[in-house]
């Protein structure tokens with residue numbers, strides 16, 4: 001018999017404020033995004049960049065990320081029944097849940113890259129500033145899955161197991177009551193990743209600006225890979241692993257290869273130099289020109 005769950009089901013999924021019904025999923029994503037934006041702006045300003053540019057880049061990353069994450073979620077589900085054509089505004093309904101992180105990462109990265117290019121500032125510096133903000137936003141946003149009672153792991157009787165109400169249990173697991181709280185695992189992992197990036201940056205462990213984004217890819221890929229292996233909501237498997245497992249492996253590999261290549265390429269410029277992060281991206285030595 002499983003032990004009494006140390007993590008009970010959420011007491012509510014939203015807050016009613018007059019005519020407004022604020023879903024905790026969307027609210028937590030918003031809180032995480034705001035804190036991440038603040039961290040990005042502060043880091044970019046300390047590197048000599050214009051905080052206004054960092055703020056706009058962060059907002060565009062948020063918009064592009066949400067759009068990409070929703071596109072990644074809704075297209076496979078709506079194309080089959082024509083719903084994508086009939087209900088195009090559903091792509092914006094993040095309060096219902098359903099965000100594919102890797103789609104969001106691509107969408108957010110494209111939005112930032114296009115904006116930074118248009119402003120002709122150092123893309124590597126912006127990426128360096130954003131790196132610890134990404135796992136910070138994810139660490140907070142993952143708690144939205146708790147309030148939605150979704151994306152939990154296999155049944156377990158560990159003392160920190162998560163109790164899931166019958167209506168939210170996956171098919172085939174109706175008789176189980178407690179599960180791995182993968183939302184919590186990933187949240188704690190991402191907080192640790194924030195700390196690792198900030199400590200490495202403070203100790204000037206990076207030779208070049210932009211290296212922190214590769215550390216993020218490595219850390220997130222490893223963390224997402226092992227938590228994904230615990231989840232039971234993925235039915236499609238390729239050689240025994242889910243699609244997100246393979247994407248997590250790819251992220252970690254790209255991070256390792258990218259970090260080695262980037263650190264070995266050119267002179268040191270990640271910290272301690274006098275070049276402004278907001279300077280125009282001109283000249284063959286600027287990483288944004290490659």
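The values are calculated or read from the model by the stated rules, or taken from the named source; none is laboratory data. Not measured: the values here are computed from a predicted model. As a convention, Cβ positions derive from the backbone with ideal geometry for all residues, glycine included, and neighbour counts pool all protein chains shown.
For segment 128-135, the count of residues that are in contact with a helix residue (DSSP H, G or I) (Cβ under 9 Å, 6 or more places away or on another chain), surrounded by fewer than 24 Cβ atoms within 10 Å (Cβ to Cβ) and touching a residue at least 12 places away in the same chain (Cβ under 8 Å) is zero. Of the residues making up segment 8-24, those that are in contact with a helix residue (DSSP H, G or I) (Cβ under 6 Å, 6 or more places away or on another chain) and modelled with pLDDT of 85 or more are 10, 24.
Restricting attention to segment 228-286 and to residues that are surrounded by 19 or more Cβ atoms within 10 Å (Cβ to Cβ) and part of a loop (DSSP other than H, G, I, E, B), the residue that is modelled with the lowest pLDDT turns out to be 286. Checked against the criterion of being within 17 Å of the chain's Cα centre (by Cα), modelled with pLDDT of 90 or more and surrounded by 17 or more Cβ atoms within 10 Å (Cβ to Cβ), segment 111-127 has at least one qualifying residue. Kindly provide the set of residues from segment 177-205 that are part of a loop (DSSP other than H, G, I, E, B) and modelled with pLDDT under 95, ordered by number. Within segment 177-205, 177, 203, 204, 205 meet the criteria. Only one of the numbered conditions (1) surrounded by fewer than 18 Cβ atoms within 10 Å (Cβ to Cβ); (2) in a helix (DSSP H, G or I) is not met by residue 160, and that is (2).
Scanning segment 39-89 for residues that are in a loop (DSSP other than H, G, I, E, B), modelled with pLDDT of 85 or more and surrounded by fewer than 16 Cβ atoms within 10 Å (Cβ to Cβ) turns up just one, 48.
Test residue 149 against the stated conditions and say whether it is closer than 23 Å to residue 257 by Cβ and either surrounded by fewer than 17 Cβ atoms within 10 Å (Cβ to Cβ) or in contact (Cβ under 8 Å) with a residue 40 or more places away in the chain (or both). So residue 149 does not fit the description; no. Exactly one residue out of 211, 187 is in contact (Cβ under 8 Å) with a residue 24 or more places away in the chain, crowded, with 17+ Cβ neighbours inside 10 Å, more than 18 Å from residue 147 (Cβ to Cβ) and touching a helix residue (DSSP H, G or I) at 6+ places or on another chain (Cβ under 7 Å), and it is 211.
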